[in-house]
Structure formats: structure tokens, C-alpha cells
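Heads up: the structure comes next, in C-alpha cells.
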Amino acid sequence: MLYALFVIGPAGNGKTTLCSTLIEYLQNSKRSVHLVNLDPAADYFEHIEPSIDIKDLVTVDEVMQECNYGPNGGLLYCYELLFDNVDWLQEQIGGYSEDFLIVDCPGQIELYTHVPYMKQVIDLFQNKFNYRVCGAYCMESSFVVDPSKYFSGVLCAMSAMIQLEIPYINVMTKMDLMPKDSPMVDRFLDVDTSLLLETANRASHDKYRSLNETIVRLIDDYSMVKFVPLDRTDEESIERLMLEIDNALQVWDDEEPKEGKEFDQGEDYDNDD
Ligand SMILES: Nc1nc2c(ncn2[C@@H]2O[C@H](COP(=O)(O)OP(=O)(O)OP(=O)(O)O)[C@@H](O)[C@H]2O)c(=O)[nH]1
Ligand SMILES: [Mg+2]
């Protein structure tokens, strides 16, 4: 079975850093893994170079210069060019067919919410290249500072979930920037919805009570209330995230069970619920 993890989420929320953290961790664990860069505007990778890079095909800078587009139009043009060159992508990926692929994606949120391009890329991986895929949606820890920011982050994540239709995990990145053992952080990682509603009502005008209630119910109904925290400075935190990813990809179903690898599967992250 072939596996690919798509690392998605808003700009600057730590996608590329998450990719390089996981790759370093997996390489140290002797798992064969490769980075696929699908961000035609990415300008650097700390420590790790992508094995497959959309920038070998096209870059946003080139498109902006040659077609006189802005950065967002340039990105969409790059994806259109990618779809015209599916054979190129297939050939690139074919060279790594025994390996786990981690796909670093751009930060333009519209790619996951209302423009169909990322969905089309995922369809290619699933239906043409025969990969089992899952997504890791990155939301950085600063989103827990107040309920309205948290709502906006969670609603974007939910919108991506609905558009992409793949099993996925919500990752709360940059946890090293948060105070350790803060009750505020715990409250937002695995949310008690009545507490969330209470906090939201306290932080907003009375006229938003019914809206707060509706959003909290939506969050509850779509099982969006759980985030896997990632503190990249803490090996256990990385290991825990990797287990969640393997679970979402159902890696264990295809392998002999490994001792010490069992973990609580009570919380299901795929979008079947
Ligand atoms: N302290 C801390 N900083 C982080 C972490 N992850 C990312 N950063 C910083 O946040 C900034 C953005 O990180 P990236 O990994 O480039 O984020 P991205 O989501 O790939 O950004 P785009 O590709 O532009 O959308 C950089 O300055 C990183 O050094 C983290 O876990 N902890
Ligand atoms: Mg990036």
C-alpha cells in the first residue's frame, strides 16, 4: 500500500516546519520517507530538500513575471499547469513508490475551502497514483488565545474537511510557544463544548449568544473538537502525532501489529462520523 500525508492549513501556521519535523523523526526511526513540495512559492527548506518539487516544473515568481499575475493568481496558474503535466508528476512520484510521501502544500486557504485544485490533486493521488491519503490540518497555538479566533480557525478547518473529503487530523502547531500545563491550552485542545460556549459568551456581546451556540453545536456535531498538539522540541509529542497519522492512514491494518504501538483509538479523526 502507498501512503501520502497532505500537510495543509493557513499561511505561516507551520506546515513546512511540520513536514521537516516529521521527516527528521521518520528518518531517525529508519522509515523511508520523502518530501513532496507542492508549494510553487516555497523559497527554502530547513535541513531537508524535497525529493519531488513543483518548482522544477513551475514557480509563482516565473508566472508573476511572465504573465503579469499577482501571487494568488500566479499560484492558481501554477496548479493549472500542474494539471496539464500530470504525467510529469506521475513520473516523479513513480521514483519513490516504496516510500511514505509527505506533501507540503501552499498556505492560500482558498485552495482548501472553495477552489477545487487541492481536491483535484488529492483525487490524482488517490485514484490515478493509487495512494491512501490523509490530511494534517495545521492551526497554530495562537488560535487558542480567544474564542472568536478559535472559531475562525476551526471553521476554516471544517470547511477544508468538507471540501477535501479525506481522513484527517487537526494539529495544533507551535506548542513550544505556549506556557506548559496551561489550563487555557488544554481547554482548547480537547474542548468541553459547554465550557467553550461559556467562554465565548463571556468574551462577546449578548447579541451573539445564539450564534455562539450554533457554532459550538456545529463544532461538536462534526467532531472538530480535538487537536493533536505538536511541540517540535518534544520527541514524545512528535511520536504521538505520528501514531495519529498512522492511525488515520490505517497503516496498522496493512502491517503485522507492532508491540508498543497500540494507542487509544476511541477518538476517530476521519470524516465518517
Ligand atoms: N516557535 C515555533 N515556530 C515555528 C514552529 N513552526 C513554524 N514556526 C515558525 O513559523 C514561521 C512559519 O513557519 P512555516 O513552517 O514556514 O509555515 P508554513 O505554514 O509552511 O508557511 P507558508 O508556507 O508560508 O504558508 C517560521 O518563522 C517558522 O520558524 C514551531 O513549532 N515553533
Ligand atoms: Mg510552507
> For Tyr69, are the conditions met, namely being in contact with a helix residue (DSSP H, G or I) (Cβ under 8 Å, 6 or more places away or on another chain), outside any helix (DSSP H, G or I), open to solvent by 30 Å² or more (accessible area, probe 1.4 Å) and not charged (D, E, K, R)?
Replying inline: yes
> How many residues does the range 1-16 hold that are near ligand 1 (Cβ under 7 Å from one of its atoms) and either surrounded by fewer than 16 Cβ atoms within 10 Å (Cβ to Cβ) or under 20 Å from Ser97 (Cα atoms) (or both)?
Replying inline: 2
>> So, in the range 20-62, exactly how many residues are in contact (Cβ under 8 Å) with a residue 40 or more places away in the chain and farther than 25 Å from Met1 by Cβ?
In response: 4
>> So if I check each of Asp104, Asp87, which one is free of Cβ contacts under 8 Å to residues at least 12 places away in the same chain and either under 15 Å from Phe125 (Cβ atoms) or away from ligand 1 (no atom under 16 Å from the Cβ) (or both)?
In response: Asp87
> Can we say Phe125 is within 14 Å of ligand 1 (Cβ to nearest atom) and either of a type in the set (Asp, Glu) or part of a helix (DSSP H, G or I) (or both)?
Replying inline: no
> So which of Arg232, Arg240 is assigned to a loop (DSSP other than H, G, I, E, B), open to solvent by 50 Å² or more (accessible area, probe 1.4 Å) and within 16 Å of ligand 1 (Cβ to nearest atom)?
Replying inline: Arg232
>> Please go through the range 138-181 and give me each residue that is open to solvent by 20 Å² or more (accessible area, probe 1.4 Å), hydroxyl-bearing (Ser, Thr, Tyr) and more than 14 Å from ligand 1 (Cβ to nearest atom), ordered by number.
In response: Ser148, Ser152, Ser159
>> Out of Ser20, Ser29, I need the residue that is closer than 30 Å to Asn247 by Cβ and either more than 21 Å from the chain's Cα centre (by Cα) or of a type in the set (A, V, I, L, M, F, W, C) (or both). Which one?
In response: Ser29
> Yes or no: Leu81 under 19 Å from Gln120 (Cβ atoms), more than 16 Å from ligand 2 (Cβ to nearest atom), at pLDDT 95 or above and not aromatic (Phe, Trp, Tyr)?
Replying inline: yes
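Quick grid of which residues meet (1) within 16 Å of ligand 2 (Cβ to nearest atom); (2) basic (Lys, Arg); (3) closer than 28 Å to Met172 by Cβ; (4) surrounded by fewer than 21 Cβ atoms within 10 Å (Cβ to Cβ):
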residue: Leu18; (1), (2), (3), (4): yes, no, yes, no
residue: Leu38; (1), (2), (3), (4): yes, no, yes, no
residue: Val63; (1), (2), (3), (4): no, no, no, no
residue: Gly95; (1), (2), (3), (4): no, no, no, yes
residue: Val103; (1), (2), (3), (4): yes, no, yes, no
residue: Ile109; (1), (2), (3), (4): yes, no, yes, yes
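The values are calculated or read from the model by the stated rules, or taken from the named source; none is laboratory data. This one's a predicted model, so the numbers in the text were calculated from it and none came from an experiment. Heads up, the Cβs are rebuilt from the backbone with ideal geometry, glycines too, and the neighbour counts pull from every protein chain shown. These area figures cover heavy atoms from the full protein model, side chains too; ligands, DNA and RNA do not enter into them. Shrake-Rupley method; radii C 1.70, N 1.55, O 1.52, S 1.80 Å.
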